[in-house]
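The structure appears below as C-alpha cells.
Values in this text are rule-based calculations from the coordinates and carry no lab data. The model shown is predicted, which means the values in this text are computed figures rather than measured ones. Heads up, the Cβs are rebuilt from the backbone with ideal geometry, glycines too, and the neighbour counts pull from every protein chain shown.
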Amino acid sequence: MILNLRFLSGEADDFIMDMKVDGRATFAQLHKSIQQQLGYDASQMASFFTTDKQWNKETEITLMEMGGDDQHPVATMDNAVIEDYVQDIHQRFLYVFDFFSERCFFVEIMKMEEGNINEPSCIQCVGEIPQQIVIEDIEDDDSEPDFDEDDDYDYDDLDDLDTDNFNSAEFDDEYY
C-alpha cells in the first residue's frame, strides 16, 4: 500500500510538502527522506507522534530508545512500520523536528493507493522551508546563572558545616 502524506507547518503558512511512502517502510526511512528533502541535519533528535483528529499526541515514535510507560508507549523509528500505526485514510501524525522549541510538521494521510515503492519520495515541496533549529531560542535561555570569576565569595561559612552527620557507610569506596 502506498501512502500519500501531506506535511504542513504551523509557522510557515505557504509551506506544503507531499510525499509518497510505502506502508511497509519504517518511520526511520521516512525520517531520513524528510531530512534529506529539507536539507536538515539527520543527527538531530526527532520524533513522530500518532494523534487523534484534534492533533492531540498519542503514541510517540522516537529516533532513539527513550523508554516509556503503559500510558505513554514509546517505539523507535527503526522498529516501527508505518502501516502498523495507520487506522484510517486521514490518520494524523506530528513530526517533531526541533526538540528545543517543540517545532513540528502536521502530517496527514491524504490518499492510499495499491502498489509498492522502494523508498519514500517527495512529490512536491513548495513555500518557505522552516529552519530545523531556531538558534535564538537556545541563546535566549536565561536559566543558567552568570558566573564571574572576579566575584568575591565568602568561603568562611564552610567552616561551620556540620560533617559529623555524614555517614561514610553510605558511600561505596569501590566507585571512588
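For the residue pair residue 78 and residue 129, what label-to-label distance in nm results when each label sits 7 Å from Cα along the Cα-to-beta-carbon direction?
2.6 nm
Residue 110 to residue 44: extension gain in nm, 0.36 nm per residue of separation minus the Cα-Cα distance?
21.0 nm
For residue 32, which lysines qualify as cross-link partners when the Cα separation must be under 16 Å and same-chain residues fewer than eight apart are set aside?
Answer for residue 32, where 16 Å is the Cα cut-off: 20, listed by chain and number.
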